[in-house]
Each structure stands twice: as C-alpha cells, then as structure tokens.
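The values are calculated or read from the model by the stated rules, or taken from the named source; none is laboratory data. Every value quoted in this text rests on a predicted model; they were computed, and no experiment measured them. All Cβ positions, glycine included, derive from the backbone under ideal geometry; neighbour counts span all protein chains shown. Protein only, heavy atoms only, side chains kept; ligands, DNA and RNA dropped before computing areas. Shrake-Rupley method; radii C 1.70, N 1.55, O 1.52, S 1.80 Å.
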Amino acid sequence: ALMAKLREPEYIYLQYKSFYKLFDEIFLGIFPDFPEKVNGMLKEGKQINIKHKGSLPTEMRILAVIRLGITESRKIAEFLNTSVNTTSAYSSPLTLDLIRKNDTGKTKKVFANYRPDWTDEQWIATENIVSGIEYATIMTREDNTPLPLQIEKTLDTILYLYGVPADLRAAKIKKVLSMDYRALGHRLLSDFTEYIDKVNEI
C-alpha cells in the first residue's frame, strides 16, 4: 500500500511542487536578480513572464539549473521531472551561449583594467575555465580540505587568471572570508533537511 501511494501521480506531483517551491526560494535567495537579468537579454516580446514573485516558471527554472552548472538536457529533465524536449528547448547551444556571453560581459566590466589588451576570445576562454573551477569547487567535497582554505585558493586562482595583483587579491579574499558564509550554508542545509523530512512523512 505504501509503495502504491508513493507511485501515485498526484503524490509525486505534490512532492515535486514542494521541491520546486524550495528550489525557487533558495535560488532566488542567492541570485535575486536572475529573472530580470535573463529577461534583459531576451528580445522584447520574448521575455519570460513571472506570474508570482518568488516563484520561477518552468522555463526560468530550467535556466536557473543551467546557471548552477547542469547543462545536459537529460540531467536537467531528471532533476526537475520535466520532459527532455522541454529542457532541450532551453538548454540549447544558443541559450547556453547567451548565458555565457552575459557572464563574460559582466566579467569584462569588473576586470577590464587588469587585462586591457585581451580580445573577446580570451575573455570567453577564461570565463569557461573559471566556470569549471567554480563547478569543481562546489561539487567536489570528498577531501578534508577546510572550507576557508578551499575558498581562498579558488578565489586566488580566479583573480590571478584575470590579472589582479597579489596584494589586491589578498585584500579581496580577506573580505570574502570575513563574511558569514557558514550561516548561509547552515540555512541552506536546514531548508533541504526540512524538505527531506516532509517528503519522508507518510
């Protein structure tokens, strides 16, 4: 009876609905201006309509997952319980290129003074390398490296790639490490733990 209940479409739908709500809240807590930035890149008349503040429509949620580093349509579909055809429409090379160009544009504004002679190709290539470093830092947690040290080394490598002088790198890293990132991590972990507990309630 229990397994039959767990397989009921209505039960599965309600669980994913709860998951979507939690995902949206956490993602928008970290990237509050993401919807505005995405719509700012789209042509007039092609923007994604946000019906409810604090909630992402399916199209925007797919782009949010891509922003977190998951770019394969099948994996996105499994993660969000949507069809591969739906995710493919928004994880196409054109969409990914649009997101990367936006990230690269923001990066150029921040670091242009340190790399004044770089070509667009150099900016794009470095942005791709940095994305890989960020993804590896977030997803690889099997070793016992203390989190502050991992953050320090990651930021130092990224800032070095963009030509930031050593003394300035040290100052920026010190500022970042003084932030209460542990509190944020505990809040996110608490939210996900609460969600898992609710899912397991029968």
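Of all the residues in segment 26-37, those that are closer than 13 Å to residue 60 by Cα, under 13 Å from the mean Cα position of the chain (by Cα) and in a helix (DSSP H, G or I) number 4.
Can you confirm whether segment 58-65 contains a residue that is open to solvent by 50 Å² or more (accessible area, probe 1.4 Å) and free of Cβ contacts under 8 Å to residues at least 24 places away in the same chain? No.
Filtering segment 71-85 to residues that are open to solvent by less than 50 Å² (accessible area, probe 1.4 Å) and either under 16 Å from residue 34 (Cβ atoms) or assigned to a helix (DSSP H, G or I) (or both) leaves 73, 76, 77, 80.
Considering segment 111-134, and only residues there that are touching a residue at least 12 places away in the same chain (Cβ under 8 Å) and of a type in the set (S, T, N, Q), the residue that is surrounded by the fewest Cβ atoms within 10 Å (Cβ to Cβ) turns out to be 128. Against the condition assigned to a loop (DSSP other than H, G, I, E, B) and either open to solvent by 30 Å² or more (accessible area, probe 1.4 Å) or at pLDDT 75 or above (or both), how does residue 105 come out, does it pass? So residue 105 fails the test.
Residues that are open to solvent by 30 Å² or more (accessible area, probe 1.4 Å), among the acidic types (Asp, Glu), at pLDDT 85 or above and under 26 Å from residue 134 (Cβ atoms) do occur in segment 14-31. If you filter segment 141-158 down to residues that are open to solvent by 70 Å² or more (accessible area, probe 1.4 Å) and modelled with pLDDT under 80, you find that the one that is farthest from residue 170 (Cα to Cα) is 142.
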